[in-house]
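Before any comments, here is the structure.
The values are calculated or read from the model by the stated rules, or taken from the named source; none is laboratory data. Source: prediction; values computed, not measured. Virtual Cβ from ideal backbone geometry, glycine too; neighbours counted across all protein chains shown.
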């Protein structure tokens, strides 16, 4: 029996979230989405995705309109609780992310083909780990 891998997409920009979710559907991945810091962490802990695609700048919760660079904070929380989860960071300022919490960092403007290849790569690595 093949276990379908999950991808959690955490991005407050609806258009980016939908574009990445559509791409993930096309490559046959179960998709979970979140648009806020707290929601992203909670969904990661509940769903235990193989890969998390994480934007850097977003609001912290439903009541906050303040956008801030929470990417590293979210990645740290997920890596601490779920160390085998792969995290792909997305940022228009990649140098602002603390690299030790990310398996890969892409510029937010990266084309969908490269993004899809990156997601496939880490899903493949996750599949190998789950077979051990």
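Observations, loosely collected:
- Of the candidates 26, 54, 106, 22, the single residue that is surrounded by fewer than 18 Cβ atoms within 10 Å (Cβ to Cβ) and modelled with pLDDT of 90 or more is 106.
- Near pairs, Cβ below 8 angstrom, 6+ apart or cross-chain, from region 19-32 (within 10 Å of residue 49 (Cα to Cα)) to any residue that is modelled with pLDDT of 85 or more and in a loop (DSSP other than H, G, I, E, B): 30/5; 32/49
- Among the residues of region 78-101, those identified as crowded, with 16+ Cβ neighbours inside 10 Å, closer than 21 Å to residue 5 by Cβ and without any contact (Cβ under 8 Å) to a residue 40 or more places away in the chain are 78, 79, 82, 87, 88, 89, 101.
- Inter-residue pairs, beta-carbon under 9 Å, first without any contact (Cβ under 8 Å) to a residue 40 or more places away in the chain and in region 42-60, second buried (at least 18 other Cβ atoms within 10 Å of the Cβ) and in a helix (DSSP H, G or I), 6+ apart: 45/77; 45/78; 60/37
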